[in-house]
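Asks: Below is a structure I'd like to ask you about.
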Amino acid sequence: MKLLMIYSNSFSYKTTTKTLENFPDINEEKEIKDSLAGFIHVEEKDEENKAKTVTKLIKNLKWAANKNGTKKIILHSFAHLSESKAAPEITKEIFDNAEERLLNSGFEVWQTPFGYFLDLKVDAPGYSQARIFKSF
């Protein structure tokens with residue numbers, strides 16, 4: 001898994017182009033303030049042990065959210081950080097499991113629409129803990 005975490009004063013998105021036909025049709029526009037966005041790339045190797053992958057994802061997201069003083073986390077599929085890609089259905093399953101566990105830990109959680117290109121606006125402050133990359 002590749003994980004780029006960006007803390008933002010404001011993170012907004014709008015659906016534009018649907019890229020995966022097997023997922024629901026969504027027309028959505030949303031803005032979330034004071035949040036940590038996880039730009040998440042699930043790799044093929046992550047399919048072998050989904051539970052371990054989810055645990056590592058959650059650990060990193062919680063750590064970075066706490067470093068930035070927020071309880072708001074956005075899960076965003078960003079399949080542009082590696083050439084290896086997990087199946088879309090597996091990726092969505094990992095996202096859903098991570099969301100459930102984060103909610104149970106007291107975080108507010110959003111998933112950007114899965115299977116879409118989005119218009120994004122990210123207002124991120126310029127300090128080191130606002131941008132963190134992890135590979136596991």
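Here, each number is a calculation from the coordinates, and none is a lab measurement. As the structure is a prediction and not an experimental result, all values here were calculated from the model. Positions of Cβ are generated from backbone atoms using ideal geometry, with glycine treated the same way; all protein chains shown enter the neighbour counts.
Asks: Using a Gaussian network for the chain with springs between C-alpha atoms less than 10 Å apart, which of these wobbles most: Ile58, Ile26, Ile40?
Replies: Ile26
Asks: Here is a further query. Show me, for region 121-128, the HN-Hα J-couplings you get by feeding each phi into the Karplus relation (A = 6.51, B = -1.76, C = 1.60, θ = phi - 60°), rounded to Hz, glycine and proline as x.
Replies: With coefficients 6.51, -1.76 and 1.60, one gets 10, 10, 9, 10, x, x, 9, 4 Hz.
Asks: Which of Asn97, Trp110, Tyr127 sits closest to the plus end of the dipole of the chain, meaning its Cα is farthest towards the positive end, when Lys and Arg get +1 and Asp and Glu get -1 on the C-beta?
Replies: Tyr127
Asks: Over 26 Å between Cα atoms, which of Lys30/Lys71; Lys18/Lys62; Lys2/Lys121; Lys18/Lys71; Lys62/Lys85; Lys45/Lys92 qualify?
Replies: Lys18/Lys62; Lys18/Lys71
Asks: Go through region 72-82 residue by residue and turn each phi into a ³J(HN,Hα) via Karplus (6.51, -1.76, 1.60, θ = phi - 60°); whole Hz please, and just put x for glycine and proline.
Replies: 10, 10, 10, 9, 10, 6, 9, 7, 10, 9, 7
Asks: Using the beta-carbon distance between Ile26 and Phe78 and R0 = 22 Å, what value does 1/(1 + (r/R0)^6) give for FRET efficiency, to the nearest 0.05?
Replies: Here the calculated transfer efficiency is 0.80.
Asks: Within region 2-124, what percent of beta bridges assigned by DSSP are antiparallel, to the nearest 5?
Replies: Counting only bridges with both partners in region 2-124, antiparallel ones make up about 70 percent.
Asks: Nearest 20 debye, what's the magnitude of the dipole of the chain about its Cα centre given +1 on Lys and Arg Cβ and -1 on Asp and Glu Cβ?
Replies: Dipole about the Cα centre, nearest 20: 700 debye.
Asks: Is region 2-124 best put as rounded, prolate or oblate by its Cα gyration tensor, with a ≥ b ≥ c the root eigenvalues, rounded for a/c under 1.5, and otherwise prolate when a/b is larger than b/c, oblate when not?
Replies: oblate
Asks: Classify region 1-49 as rounded, prolate or oblate, taking a ≥ b ≥ c as the square roots of the eigenvalues of its Cα gyration tensor: rounded when a/c is under 1.5, otherwise prolate if a/b is larger than b/c and oblate if not.
Replies: Oblate.
Asks: Let me ask something additional. Could you quote the convex hull projected area for region 62-117, Cα atoms only and averaged over all directions, in nm²?
Replies: 4.4
Asks: Still on this model: Within region 99-136, name every residue whose backbone N is under 20 Å away from a label modeled 7 Å from Cα of Lys45 along the Cβ vector.
Replies: Counting backbone N atoms under 20 Å from the label point, the list is 133-136.
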